[in-house]
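Here's the structure, in structure tokens; my notes come after.
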Amino acid sequence: MAKDELPKLDRKALEKFAKKGMDPELGWVRKPHSSGQEKGRNGKKTQFTVNALGARSNPGYDDKYPAISLFGDSYAFGRQVNDDETWSHLVSKQIDLNILNFGVGNYGLDQAILRMQRELSKHPSQLTIIMVVPETICRIQTTWKHYSEYGNTLAFKPRFLLNGDQLIYQKNLIDKKEKYLKYADYLDEIKLNDYFYNAKFKHDILTFPYIFSLARSFPRNGPLLLALLKAKISNLPEVIDRPFQMILRKNHQISMSLYHDDSSNKLMEALVSRAKSVAKQHNSKFLFCMVPQLQDIELIERYGIYYQPLLDRLSQFTNVLNLTDIFTSQDKIGRCYTHDMYGGHLSRYGNQLVADIITEKVRQLLDEIR
């Protein structure tokens, strides 16, 4: 709606966010000595803990030499599984070395690189891994997640712009709690640097007279309104979750379209090149991994691996691991993902599949170093 151009921030949510997650540079981060619990749709509870370094706890390995540092999004972090079920922990068990897991939910490749710059200077490692989902091509083009994930109003972030072959760093403008309360003062620049303000958010706003606005947007909003009505009168989890799943599906379609956009691909290539350079500066070998979300698998079944051409270009100058095939070859794909409202993160079984492949690659790369 038009009022969502300038949403009122929840003061209580802001106080909680400032205490537990806000980071002036990165936008948000997991704080050292923190913990949390998540409850999946099936009622299963999972626990995560973050150690003194700000990395996810790696039971039995936290005190060992950190040969590997890991950065990325929630698939790197291991959301929806316990500390001893993440793929990074399962790899540690196979190679008997510690992995510092600095993954953070909803991070883009840009934020992962900035955190990589911060942490490698304090915690050098022989090998640096970045793992992201294909949707990262969207995340690297936003400065306020509200413009691409409507309602995610506390998620302001930095990004990089590409000018020719040069990456131009755009700092996070909302870097203090006081600025959240005055964020409107910074919106002109935020909108200017956010691809999704014009490409998505502004296009979807319903305006008066609403009947005409709804008619114009009926291909999107018609099925969504019907799904919302059904969710209101149902107590079935799959019906209640359907509107959100429809939004996720649309977001993944946008992500797929950006892999056919030249400027988006060039930005991805420049960022991966930047990541490799940062690793090299810290005498660390680099590995870039991409793992599909459940909704990506649905699109891949229809259109093929739409991000493969990009990964092929990246593999010409760095180590790349595409983890798609291990999922598309599964007879029961549902075993690989948890059934949560966010589209499904990797299950314990899915994490084990990833760990087995990454362990083999990690051993190869560590042998090259030695």
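Odds and ends about this structure:
- In segment 280-306, residue surrounded by the fewest Cβ atoms within 10 Å (Cβ to Cβ) [restricted to those that are closer than 19 Å to G350 by Cα and charged (D, E, K, R)]: E301
- Filter pass, Q166 being among the polar types (S, T, N, Q) and closer than 10 Å to T143 by Cα: no
- Qualifying position, being within 18 Å of V362 (Cβ to Cβ) and under 17 Å from the mean Cα position of the chain (by Cα), among G72, G60, G105: G72
- Residue within segment 55-62 that is farther than 27 Å from D241 by Cα, free of Cβ contacts under 8 Å to residues at least 40 places away in the same chain and of a type in the set (A, V, I, L, M, F, W, C) present: no
- No other residue among E298, E368, E269 is closer than 27 Å to I168 by Cα and of a type in the set (D, E) apart from E269.
All of the numbers you see were taken from the coordinates with simple rules; none came from a lab. All of these numbers come straight from a predicted model, not from anything done at the bench. Reconstructed Cβ throughout: ideal geometry from the backbone, glycine too, with neighbour counts over all protein chains shown.
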